[in-house]
Amino acid sequence: MADDVTSAERAEWAAIALEAYGDAAPTPLFPVPSPSALAHLGTIAATAYAEATRHNPADRDVNDTLSANLVIGDLIADLYHLADEQQIAADQLTEAAEELRARRYPVQPTALCAVAAAGAERLAAMLAALMESAEAFGCDVPEMVADAHAFYEDCMAEEALSR
């Protein structure tokens, strides 16, 4: 890979954010926290990730659209690496997170059930929180997720070529 960072390292960074998220998030997935509480949890995870991955202290704050785009976008891509380690496809994780963010009822948590069966429901919950946080900062969430997915796929392809 161009920056010599492995999938395992990216997964470790995402795990740091997941730990911070887990320390602050309620244990049960349901009821899903309010959008503002979910956004706050996403910001906690993104800040922990930024502190672990950014060398410049000025780049460790997630407090505006630009910083949210950079940090949350990177974290989502790295979260896909962590999901991959648990045999969860990026698309499946994204669908589960979108189900958690659904505002229309009744919600049919089909993708969430599949992710939960693999023991990765907290990954989906954190992704939902990250998406909510990005939206609260004014980011284009669908574009951010698509970009993160494309970057993840590129990293995986480059790593496979280097083996």
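None of the figures in this text is laboratory data; all of them are computed from the coordinates on show. Everything quoted here is computed from the prediction, not taken from an experiment. Glycine also receives a Cβ, built like all others from the backbone with ideal geometry; neighbour counts cover every protein chain displayed.
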With charges only on Cβ, +1 for K and R and -1 for D and E, what is the dipole size of region 7-162 about its Cα centre, in debye, rounded to 20? 640
Could you tell me which of rounded, prolate or oblate describes the chain, using a ≥ b ≥ c as the square roots of the eigenvalues of the alpha-carbon gyration tensor, with rounded for a/c under 1.5 and, failing that, prolate when a/b is larger than b/c and oblate otherwise? oblate
Would you list the membrane-span-like helices of the chain, meaning whole DSSP H runs whose alpha-carbon atoms span at least 24 Å along their axis and whose mean Kyte-Doolittle value is at least -0.5? 7-24, 35-53, 65-85, 141-162
Counting other beta carbons within 10 Å of each Cβ, put Ser34, Ser7 in order, fewest first. Ser34, Ser7
Only loop residues by DSSP count here, and only those with at most 14 other Cβ atoms within 10 Å; note down the trypsin sites (Lys or Arg not before Pro) in region 21-129 that meet that. Arg103, Arg104
Given R₀ = 35 Å, what would the calculated FRET efficiency be for Ala102 paired with Ala58, taking r from the Cβ atoms and rounding to 0.05? 0.45
Label-point separation, Ala89 to Thr27 (7 Å along Cα→Cβ), nm: 3.4
The chain: calculated mean residue ellipticity at 222 nm from DSSP helix runs of at least 4, using -39500 (n - 2.57): -24000 deg cm²/dmol
